[in-house]
Structure formats: structure tokens, C-alpha cells
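Below: one structure, written as C-alpha cells.
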Amino acid sequence: KEGEKGVRFFDTDLSTAGTPDWYAICDVREFVGKPLTITSDSPLPETVIRQLSSLFLQSDVPVREKDLYQEALRPQFHFTVKRGWNNDPNGLCYFNGEYHLFYQYIPTSLMVGDFRYMHWGHAVSPDLVHWTELSPAIHPVDGGIYSGGAYVDKENRSGFGKGKEEVLLVTYTGTGERIAYATGRAETFQEPADNPIVRHRGRDPKILYYPPKEKWIMIVFEEEEGVPAGYAFYDSKDLKSWRRMFQVDGGHECPDFFEMPVQGGESKWVIGGALRGSLGKEKEGKEVFYRSTYRVGTFDGEKFIPETDWQQGVIGPSFYAGQTFSNTPDGRRILIGWLQNDGYPGMAFTQGMTLPMEMKLHKTEQGYSMTYFPVKEIELLHEETVRGENLNMAAANQFLEKGNADLLDIDLEIAMGKSSKFEIGVRGGSIQYNASTKELSVKGTKEGKTSIALMEGKLKLRILLDRSTLDVFVNDGVAAFNVSGAIFQKPDPLKINADPDVTVTSIVLSRMKSAWQESRAK
């Protein structure tokens, strides 16, 4: 009615023929006892109006959740939403005893559609493996809720909590860059009256507190007209007034910024995100698209001084918009990215999240470089493990027959000849390595490839096979691939093809349980 304020905004398709394929969920518990009015921006067809009583259901129990998480194409140890669309992970943190995963979310559509209806979805986990999806944490009110970051304010420096109460601060793009805060399980956020805190042409802010200068730092992607795009740094003493300090050119979307130890000593600051443009001189200035990049340097609260050029991070090819967890209880730097794909045909959900990956920073003769490896908690899902050593191809393929399971974690160490070729077929995809060219490629719905040197004549592969998803980690995480799509539901057996001088020196094969089944049982 005129003068009334909307509280929930959606963009969706309504079924006009037969039973709906799936129902989207809108949690209205906070409005119980109040009149509910549903309006449409445009007139509804008469066929839809006649079906409204069956298309909009009110229920105190979950609707159509009998087979939830057991669907044929549902990944079993990668996070996916119950229903709808997700993209970028947002606000990753450990807060009040749980890992929190926020993400870009449209609960009423399988396509991204109109960004004005973007939410911040929310899931929590005790161990990075078993996730419980909660109701959206932030709902679109004015133009949509876009990507951003989170900071756990342990000392309540923001003043948004009570006394020394820990507060979770999140920043995101709405109308300008905005801030919100929550306590408890962070299921409901409040906004201060000062929003937006920064107005500019950009998006995806992330904040942190810098104790040596007793101030807040915000890093955000900026693309002002006439200025090279990059990551702009702002600072503030009170979270209200912000000063633009400097910009690091070259970044594109979803910045991350953190300090982390170098293996064996010192610590460095890392700026990461996506990059559009040439990586060094590799592409001779041509515009290309890198799904994950990072740069290592020092930061004194006033200036970031790079000590490396932009380097390629996770290769993907289904990885994008990665973010890391802040405030982890053991100090690990853990990364999750948006697991992009072309959808899961016939399913009520689409897209997903990559495995949580532990990042480690190393100093080599070539400079600083990052490795990525699955978090150790993945092993909580291991059931039966078998091992083999020094196998020729026939024996290795016979051994792999033991891997006739839905979910697998495989460790392979392969001795290669100087010009040998190796390939393992994985249910519609494949992993290939050519020792002559040093090229390793992972093929599936998309293809990712990179140059990898052998380690003392050996190639090490960690392969995790989930429904509709394949993850490959090479030489202890020097390269990481995530590939997603319905292709990996093909019943093709695992099979190795290689030159005669190739030997599988070690293989460890672990069958895995579904994380969802364990979550539902609790």
C-alpha cells in the first residue's frame, strides 16, 4: 500500500504449467503476526494469478527437503546453497567459535538476473567441512548487496558492542561502500547512521585494524574515470571519516589484504584478488583474465611497497573471487573461491564454493611464491584407505579399480622419464603431463594449464573427486586447479595411460563420506 516500506525483494520466475520444479525459501519469522502483502512491479498473467495459492506457501516446517543434499549432481564435500544462485564468497572469518561463510546469493533464481536482488547468504561450520546454511544475513533494500569483507573486532574498538564484547564488522558495496555489524552468531546485522562511508566508483571493500598506527584500513577496487583501475587504500580513526592514501594498480575486483608468515622466518603482506590485463610480460600487453593473482610486499600503515610483480594464484579454471578467513584460531591463512560452472541440469541450485585451501608463503631463489593445499580437516571424511607402491601402468589401473566410489581422495607420486607423457582419466575429464614441455593440464567443463617442473624426477598429484567437481593439487600445492560441472558424473572408470618408462611410485586412495549426511544427522 502507499506509504508502506518493502522488507524483502526478489526476482523470480513463477511456474505456469503443472507443479513447480522447486520452491525458494523466504524466512519471515521476524514478521510473525503481522499482515503480509506481496506485490509485483508488473501485472501478473491471469494463469499465474489463479495459481497463487499453490505458488506461495507458508509453512512452519521445511518445504520439499526430503532429498535435500542427496540430489544426483549435488557436490558432497563442497559447499552449495540449498536452492538458488550463489557467486562470490564474502566476509570469511572465525567468529564466536564458528567459521562463517557469507556469499553473494539470489535465493529465488538459478541465474544471476537483476543484481538489485542480491543478498548476503550465510553458512557456519565448526570445522570447514560440515556447513549449516542459515537464513540470509543481509537483505537487499536499496540497489542490492554486493561483495565485501569482514573483520572480527575483538577489542570492540568500533564501539558497536557492549563493553569488551566481540563484534563482527562487515563491509560491502551498496549505494557506496557500507559497513554493518553483528554480535552472537551474526544472523542479523545493523547499519550505523553514517552509511555509506565512502562514495566513489568502485566495489568490494575489505577492512582491517592496523594496531601500530591505531587506525582502520580499507582496501577497495576503484575504477574512476580517467584513472587506471586498481586497489585503493583508505584509512580512518573512527570508521566514519575516510582518507584516500594510495592505489596499487592492476587489480580487478574482490581485493584481499593480509599479513602472513613466510615459511622458515619473517612475515610479509599479501595483496590478492582477480586481475584483468597482462600478467607481467607474458601476454605482451594483451588483455587477459586471470582468476586469481597476488603480490607480496611490505606495509607500514601508509604505503604498500611491492617486492614482487603480480603472480598467478589458483589456476582454476572454475575458481574466481577468492577470499581468505580472518581470525582463524590457529593462525592459518585459508582461502575459498567461487566455484563457477555452467550449472547442474535439473537441480534446484547452481554454482558453489571451492574446497577450503590452506595457503603458505615461501621464499625461493626466484622470490616469494604461494602454495595452496586442501585443509587437513578434509580427512575427517575419510572412510577406507588403501595404499600401493611401485606399480607399472597395468598394476596401477588394477589398483584404481578399488576406487570405484562416488567420493575419492587420491594421492599419487609418479616417476617420469625425461620426455615421458602421463594421463589419468577422471570420469569425463583428465589430468595430463608432458615431461618434455613441462606442461600440466586439467580438462573438464573448462581447461586449465600451467608449466610445472618435476620434483627430483617425480610428479605429485593430490586429486579430490566429488560429484560434479574435480580438484587437483600439484607438487605439494605449487599449482591448484578446481573444475566443476555435470561432466564429472560420467561413469567412466579412473584410468592411467602413460609411456612405458613411467612408474607410480606411491598411491594412497581414500573413500570419503558425504559431509552433508553427517551434518543432517546432527
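The values are calculated or read from the model by the stated rules, or taken from the named source; none is laboratory data. What you are looking at is a predicted structure, and each value in this text was computed from that prediction instead of being measured. Note that we place each Cβ from the backbone using ideal geometry, even for glycine, and neighbour counts take in every protein chain shown. Accessible surface areas use protein heavy atoms only, side chains included; no ligands, DNA or RNA. Shrake-Rupley method; radii C 1.70, N 1.55, O 1.52, S 1.80 Å.
At a glance:
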read-out: Counted residues, region 86-132 - those being open to solvent by 10 Å² or more (accessible area, probe 1.4 Å), of a type outside the set (Gly, Ala, Ser) and modelled with pLDDT under 95; value: 8
read-out: Test: residue in region 167-183 that is in a loop (DSSP other than H, G, I, E, B), surrounded by 14 or more Cβ atoms within 10 Å (Cβ to Cβ) and of a type outside the set (Val, Ile, Thr); value: no
read-out: Any hit, region 149-158, residues being farther than 19 Å from residue 339 by Cβ, among the charged types (D, E, K, R) and open to solvent by less than 10 Å² (accessible area, probe 1.4 Å); value: yes
read-out: Qualifying residue in region 255-273 (condition: aliphatic (A, V, I, L, M) and at pLDDT below 95); value: no
read-out: Within region 467-499, considering residues that are open to solvent by 30 Å² or more (accessible area, probe 1.4 Å) and touching a helix residue (DSSP H, G or I) at 6+ places or on another chain (Cβ under 8 Å), the one farthest from residue 68 (Cα to Cα); value: 498
read-out: Test: residue in region 391-405 that is over 30 Å from residue 289 (Cα atoms), within 22 Å of the chain's Cα centre (by Cα) and open to solvent by less than 10 Å² (accessible area, probe 1.4 Å); value: no
read-out: Positions within region 455-469 being in contact (Cβ under 8 Å) with a residue 24 or more places away in the chain and not charged (D, E, K, R), in sequence order; value: 457, 459, 461, 463, 464, 465, 468, 469
read-out: Any hit, region 73-84, residues being part of a strand (DSSP E or B), open to solvent by less than 50 Å² (accessible area, probe 1.4 Å) and within 28 Å of residue 466 (Cβ to Cβ); value: yes
read-out: Residues located in region 129-147, provided they are assigned to a strand (DSSP E or B) and within 17 Å of residue 5 (Cβ to Cβ); value: 138
read-out: Whichever residue in region 222-252 is in a strand (DSSP E or B) and in contact with a Gly (Cβ under 6 Å, 6 or more places away or on another chain) and, among such residues, is most open to solvent (accessible area, probe 1.4 Å); value: 249
read-out: Residue in region 70-83 that is out of contact with any helix residue (DSSP H, G or I) (no Cβ under 6 Å at 6 or more places or on another chain), closer than 30 Å to residue 167 by Cβ and among the polar types (S, T, N, Q) present; value: yes
read-out: Members of region 323-375 that are open to solvent by 20 Å² or more (accessible area, probe 1.4 Å), hydrophobic (A, V, I, L, M, F, W, C) and within 16 Å of the chain's Cα centre (by Cα); value: 338, 373
read-out: Pair list, Cβ < 6 Å and 6+ apart or interchain, from region 305-319 residues that are under 8 Å from residue 292 (Cα atoms) to residues that are not in a strand (DSSP E or B); value: 319/354
read-out: Matching option when the condition is open to solvent by less than 10 Å² (accessible area, probe 1.4 Å), in contact (Cβ under 8 Å) with a residue 60 or more places away in the chain and in a helix (DSSP H, G or I), among 378, 414; value: 378
read-out: Within region 184-221, tally of residues that are closer than 17 Å to residue 95 by Cα, surrounded by fewer than 20 Cβ atoms within 10 Å (Cβ to Cβ) and among the small types (Gly, Ala, Ser); value: 1
read-out: Where residue 506 falls short, out of the listed (1) crowded, with 21+ Cβ neighbours inside 10 Å; (2) assigned to a strand (DSSP E or B); value: (1)
read-out: Count of residues meeting criterion [assigned to a loop (DSSP other than H, G, I, E, B) and in contact with a strand residue (DSSP E or B) (Cβ under 9 Å, 6 or more places away or on another chain)] in region 435-453; value: 8
read-out: Which listed residue, of 102, 115, 79, 56, is free of Cβ contacts under 8 Å to residues at least 40 places away in the same chain and touching a Phe, Trp or Tyr at 6+ places or on another chain (Cβ under 9 Å); value: 115
read-out: Checklist (1) out of contact with any helix residue (DSSP H, G or I) (no Cβ under 8 Å at 6 or more places or on another chain); (2) part of a strand (DSSP E or B) applied to residue 396, failing item; value: (2)
read-out: Subset tally (residues that are over 13 Å from residue 14 (Cβ atoms) and charged (D, E, K, R)) for region 42-60; value: 1
read-out: Close pairs from region 391-406: first farther than 26 Å from residue 515 by Cβ and modelled with pLDDT of 90 or more, partner charged (D, E, K, R) and open to solvent by 70 Å² or more (accessible area, probe 1.4 Å), Cβ under 6 Å, at least 6 apart; value: 397/495
read-out: Tally of residues being open to solvent by less than 10 Å² (accessible area, probe 1.4 Å) and either in a strand (DSSP E or B) or touching a Cys at 6+ places or on another chain (Cβ under 7 Å) (or both) across region 417-428; value: 3
